[in-house]
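Here is the structure we will look at.
The values are calculated or read from the model by the stated rules, or taken from the named source; none is laboratory data. From a predicted model like this one, the values you see are computed outputs, not experimental measurements. Ideal geometry is used to build each Cβ from the backbone, glycine not excepted, and the neighbour counts take in all protein chains shown.
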């Protein structure tokens with residue numbers, strides 16, 4: 001691996017891409033520290049410290065602490081991700097979007113443009129609601145969070161947060177095009193990783209407090225290593241369905257007759273199911289933080305992490321979104337038609353409907369395994385958080401993002417090395433990304 005790291009400096013293009021990516025991430029981290037005017041920073045920080053286990057805590061994690069500081073990047077990249085998911089879902093019901101999806105690069109550019117428009121619209125809406133919510137919020141001691149509430153504050157907040165999200169979106173696209181790895185994923189990765197050192201320090205400090213013993217610390221570290229190992233294994237695991245292409249005679253030349261495979265990932269939806277499930281399950285705790293009503297507080301406590309009533313619906317939402325997102329993004333009928341069009345077939349399976357049924361059956365089984373895997377990875381750290389009060393950044397969703405993005409980025413760097421006949425990171429085998 002050390003040889004592979006040294007080899008990255010021998011390729012000028014790869015070196016420039018890595019430096020460009022690091023510079024763009026540095027720009028992003030600088031922007032996280034620039035606050036939006038009109039906010040009492042100390043009162044807002046106290047509010048987030050009190051409500052770390054609500055949906056605010058999760059969004060603050062994805063924004064790398066920008067929401068806690070209420071910086072110009074407070075919305076983070078979440079509006080872009082939401083717009084992308086909405087556009088992907090609309091491709092199933094809107095014929096024009098479905099046609100663009102099949103047009104290749106030209107269609108992809110059109111879909112990307114509409115995703116940008118959707119990002120701006122969602123950012124404006126979220127900025128408006130956040131500004132309204134901040135005006136009605138106070139710190140734990142009753143401190144006013146918004147200095148001068150009113151229409152001017154709302155408009156300024158909407159424009160500032162929307163501009164910040166648009167700039168982050170541009171940064172991500174530039175990193176994808178001119179850097180290394182997926183820019184949007186790297187921005188989320190950088191936000192989570194930047195907060196992890198403080199979380200590690202807090203964990204050690206908590207174990208040093210009276211009533212807590214360091215004896216559980218090795219167990220915690222070992223469990224984290226096992227969880228990371230499971231994530232690496234399942235994120236790179238896939239089932240390869242063999243594909244055989246028939247021979248075609250054109251004039252005096254014979255084409256085809258090659259063997260290939262159709263790779264089916266175990267975890268096709270990635271981190272989308274736990275993110276959506278966590279968002280839904282955190283709404284009761286979030287509402288409980290605003291409404292001081294007895295039955296609301298009781299229901300909020302009942303649906304908080306650590307309660308048995310929390311885990312069953314949480315796992316149910318994960319399983320639902322796993323199957324839903326897989327059904328939206330992967331169509332076995334289209335795959336079977338493309339194979340038939342290009343003269344490909346699965347040995348022992350007739351082309352057409354039989355092939356689509358076979359792929360659908362295999363995909364269903366893999367999705368079941370993937371749903372169980374994501375549920376275990378998501379629930380196990382949640383139990384750890386509730387029982388040992390470990391910081392939120394050690395949650396399964398955060399680990400899924402960090403490990404998955406790291407695998408993809410290293411795989412892209414290794415592909416550059418191997419393509420130019422340099423030794424990669426691994427002497428035996430290849431590092432394979434999730435895509």
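Below, the figures for the structure above:
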| quantity | calculated |
| --- | --- |
| Residue 248 modelled with pLDDT under 80, closer than 20 Å to residue 336 by Cβ and in contact with a strand residue (DSSP E or B) (Cβ under 9 Å, 6 or more places away or on another chain) | yes |
| Selection within the stretch 300-328 - modelled with pLDDT under 70, surrounded by fewer than 17 Cβ atoms within 10 Å (Cβ to Cβ) and more than 17 Å from residue 378 (Cα to Cα) | 301 |
| 1 or more residues surrounded by fewer than 24 Cβ atoms within 10 Å (Cβ to Cβ) and in contact (Cβ under 8 Å) with a residue 40 or more places away in the chain: qualifying helices (runs of 4 or more DSSP H) within the stretch 61-112 | 78-93 |
| Unmet requirement for residue 174, which otherwise passes all of (1) in a loop (DSSP other than H, G, I, E, B); (2) modelled with pLDDT of 85 or more | (1) |
| Test: residue in the stretch 252-267 that is in a loop (DSSP other than H, G, I, E, B), surrounded by 14 or more Cβ atoms within 10 Å (Cβ to Cβ) and modelled with pLDDT of 80 or more | yes |
| Within the stretch 131-151, considering residues that are loosely packed, with under 12 Cβ neighbours inside 10 Å and on the phi < 0 side of the Ramachandran plot, the one modelled with the lowest pLDDT | 140 |
| Some residue of the stretch 351-368 being surrounded by 14 or more Cβ atoms within 10 Å (Cβ to Cβ) and on the phi > 0 side of the Ramachandran plot | yes |
